[in-house]
1. Please pick out the residue among ILE166, ILE148 that is at negative phi, surrounded by fewer than 21 Cβ atoms within 10 Å (Cβ to Cβ) and among the aliphatic types (A, V, I, L, M).
2. Just to be sure before I move on: is ILE110 within 18 Å of the chain's Cα centre (by Cα) and among the β-branched types (Val, Ile, Thr) in the structure I sent?
3. Quick check on region 324-340: of everything there that is touching a helix residue (DSSP H, G or I) at 6+ places or on another chain (Cβ under 7 Å) and closer than 20 Å to ALA128 by Cα, which residue is most open to solvent (accessible area, probe 1.4 Å)?
4. At least 2 residues that are free of Cβ contacts under 8 Å to residues at least 24 places away in the same chain in each: list the helices (runs of 4 or more DSSP H) lying fully within region 11-58 that qualify.
5. Restricting to region 260-313, what's the tally of residues that are within 23 Å of GLU101 (Cα to Cα), in a helix (DSSP H, G or I), open to solvent by less than 40 Å² (accessible area, probe 1.4 Å) and not charged (D, E, K, R)?
6. Residues that are touching a strand residue (DSSP E or B) at 6+ places or on another chain (Cβ under 8 Å) and open to solvent by 20 Å² or more (accessible area, probe 1.4 Å): does region 61-72 have at least one?
7. Keeping to region 82-105, report how many residues are within 16 Å of LEU209 (Cα to Cα) and part of a helix (DSSP H, G or I).
Amino acid sequence: MTLPIARPDNGIPGVYGLLLLEVVSRFGISEHTLFSPFNLTSEQLAEPSFRIALPLANNLFKHAIELTGENSLGYHIGTQMRISIHGFIGYAIMSASNVTEALMLASRFIHIRVPFIHLHVSTMQPKARLQLTCDELNLEPLRQEVLIALTVGILTMGKALTGKDIYAEIECDFPEPKDFEKYQKLITADIKFNQPHLVAYFDKSYLSLPLINADPIASQIAINQCEAELSALGERKRIAMKVRDLLTQCNDRYPTIETIADMLHMSDRTLKRQLAAEGTSYSNVVDEVRYRHAVSLLSRSDYSLEQISDELGYSDVGNFTRAFKRWTGRTPGNWRKDPYL
């Protein structure tokens, strides 16, 4: 059986098929047994530009579940997920300075790897909130397996990146897979199923954790490559990047969305809609730009907190401090003393 190969802006990267092979091989399943019904090979899947069309990926997962006798392989895939498997977005995240920056990059570039998934990060509530939404994918078991794999994978990669266990409260918007209780005690999370949304909550203290492989030069190189890949996906994918660039270059720092929309020759309603289609919002993009600018200014001893607050467009230091604590879980003064605490 052969199904069509996906376009570059759709489907699942072939390397994730190799990750599935790595998992099923532990059940004694060979590459030939897994891939031959679909005319796939490891060589094909290893090609950087190769993507598996969603119907094919769904059937591949069904086949793998039948071969292994497991009711869900998402847990196993998540525990084997390595940050390097995600290409340049993985390298950008891996070399980020801390968890806050890593999450912002993941939210910004996730479409490069899985175009149908959006990652929303919010620090407005008492706990940090991470929400995964999934559009254009109603195939099962693919949707459920991908979301379980990503959820467990985030915890797995979080520990690898920080050297610490990451505990979370997770709500899943699908039923509990049969026999999944045997994995519950192995996951550093309290998981509930049949919830309205797929959301993870975790303590804000994690936001300031430094990453083991932090490297600002390597991260910027990877970010530049991610921007190029995102641009190649088409105009729709570039709106957040354009807004980000305008905010960075604008003399009148952090203008209203109406001003930015006018600069892009569209209505503010259209801009909101297009940003939402990319899994973000104007306030989120402003937050990201402000955070990066704040960290840059805090590294300079010639800028007082009052000057930084003014530069970032806050009315006083108190408002800046509250925003910075929302982003990182720490005060600007504490951050300035030791960014890698």
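1. ILE166 is the lone residue from the list that is at negative phi, surrounded by fewer than 21 Cβ atoms within 10 Å (Cβ to Cβ) and among the aliphatic types (A, V, I, L, M).
2. Yes: the conditions hold for ILE110.
3. The qualifying residue most open to solvent (accessible area, probe 1.4 Å) is THR331.
4. 31-35
5. So the answer is 14.
6. Looking through region 61-72, none of the residues is touching a strand residue (DSSP E or B) at 6+ places or on another chain (Cβ under 8 Å) and open to solvent by 20 Å² or more (accessible area, probe 1.4 Å).
7. 9
Yes/no matrix, rows are residues, columns are (1) open to solvent by 20 Å² or more (accessible area, probe 1.4 Å); (2) at pLDDT 90 or above; (3) more than 16 Å from the chain's Cα centre (by Cα); (4) not small (Gly, Ala, Ser):
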position: THR156; (1), (2), (3), (4): yes, yes, no, yes
position: GLU176; (1), (2), (3), (4): yes, no, yes, yes
position: LEU207; (1), (2), (3), (4): no, no, no, yes
position: CYS226; (1), (2), (3), (4): no, no, no, yes
position: ALA232; (1), (2), (3), (4): yes, no, yes, no
position: ARG236; (1), (2), (3), (4): yes, no, yes, yes
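The values are calculated or read from the model by the stated rules, or taken from the named source; none is laboratory data. Keep in mind the model is a prediction, meaning the values are calculated, not measured. Cβ coordinates were reconstructed from backbone atoms using ideal geometry, including for glycine residues, and neighbour counts include every protein chain displayed. Quick note on the areas: whole protein, heavy atoms, side chains included, nothing else; ligands and nucleic acids left out. Shrake-Rupley method; radii C 1.70, N 1.55, O 1.52, S 1.80 Å.
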